[in-house]
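**Student:** The structure is given below, and queries will be raised subsequently.
The values are calculated or read from the model by the stated rules, or taken from the named source; none is laboratory data. Fair warning: this is a prediction, and the values are worked out from it, not measured in the lab. Here the Cβ positions follow ideal geometry from the backbone for every residue, glycine too, while neighbour counts run over all protein chains shown. Accessible surface areas use protein heavy atoms only, side chains included; no ligands, DNA or RNA. Shrake-Rupley method; radii C 1.70, N 1.55, O 1.52, S 1.80 Å.
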Amino acid sequence: QVQLVESGGGLVQAGGSLRLSCAASGRTFSHYYMGWFRQAPGKEREFVAVVSWTGAYTQYADSVKDRFTISRRYASDIVYLQMNNLKPEDTAVYYCSGGPTIVTGPIGLGYWGQGTQVTVSS
């Protein structure tokens, strides 16, 4: 059974930082893209960031550029999202996603985790 398990969410004040982790099991994601999406209450799920299986290529949503950093070791099944200078509008459930191609629409990369809540207070 394929699983993506997120961790690291929580409550933080505006301007603070959090680091999310996502670990894959059940199959290897070593040659898959891995990324993060988020969904705020009443809104559609949206793309946040994606990283290639080598870790060399990354892509970000405009709203998080220069504040968030996605990373993974070469061919690793673990991906991280370092979130700095958090804003109240970053409040959402953050989902890890993995798959063979980059898809920035809400359907994601193919596989999904259960999500982790990030709440940013003003």
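**Student:** Pairs under 7 Å by beta carbon, first residue part of a loop (DSSP other than H, G, I, E, B) in the stretch 1-29, partner among the small types (Gly, Ala, Ser), six or more apart or different chains?
**Tutor:** From the stretch 1-29, the pairs are GLN1/GLY26; VAL2/GLY26; GLY8/SER21; ALA14/SER121; ALA14/SER122; PHE29/GLY98.
**Student:** Name the one entry in ALA75, ALA49 that is modelled with pLDDT under 95, open to solvent by less than 50 Å² (accessible area, probe 1.4 Å), out of contact with any helix residue (DSSP H, G or I) (no Cβ under 7 Å at 6 or more places or on another chain) and among the hydrophobic types (A, V, I, L, M, F, W, C).
**Tutor:** The unique qualifying residue is ALA75.
**Student:** Still on this structure, I have one more. Among the acidic types (Asp, Glu), touching a residue at least 24 places away in the same chain (Cβ under 8 Å) and surrounded by 14 or more Cβ atoms within 10 Å (Cβ to Cβ) - does that describe any residue in the stretch 32-44?
**Tutor:** no
**Student:** Name the pairs whose Cβ atoms lie under 9 Å apart, with the first residue in the stretch 92-107 and over 17 Å from VAL79 (Cβ atoms) and without any contact (Cβ under 8 Å) to a residue 40 or more places away in the chain, the second open to solvent by 40 Å² or more (accessible area, probe 1.4 Å) and assigned to a loop (DSSP other than H, G, I, E, B), and 6 or more positions between them or separate chains?
**Tutor:** Qualifying pairs under 9 Å: ILE107/ARG45.
**Student:** Quick one: in the stretch 18-46, which of the residues that are out of contact with any strand residue (DSSP E or B) (no Cβ under 6 Å at 6 or more places or on another chain) and small (Gly, Ala, Ser) is nearest to LEU86 (Cα to Cα)?
**Tutor:** Filtering the stretch 18-46 for residues that are out of contact with any strand residue (DSSP E or B) (no Cβ under 6 Å at 6 or more places or on another chain) and small (Gly, Ala, Ser), the one nearest to LEU86 (Cα to Cα) comes out as GLY42.
**Student:** Let me ask you something else. If TYR94 satisfies every condition in (1) farther than 24 Å from VAL12 by Cβ; (2) touching a Leu at 6+ places or on another chain (Cβ under 9 Å); (3) open to solvent by less than 10 Å² (accessible area, probe 1.4 Å) but one, which is the exception?
**Tutor:** Here TYR94 meets the rest and fails (1).
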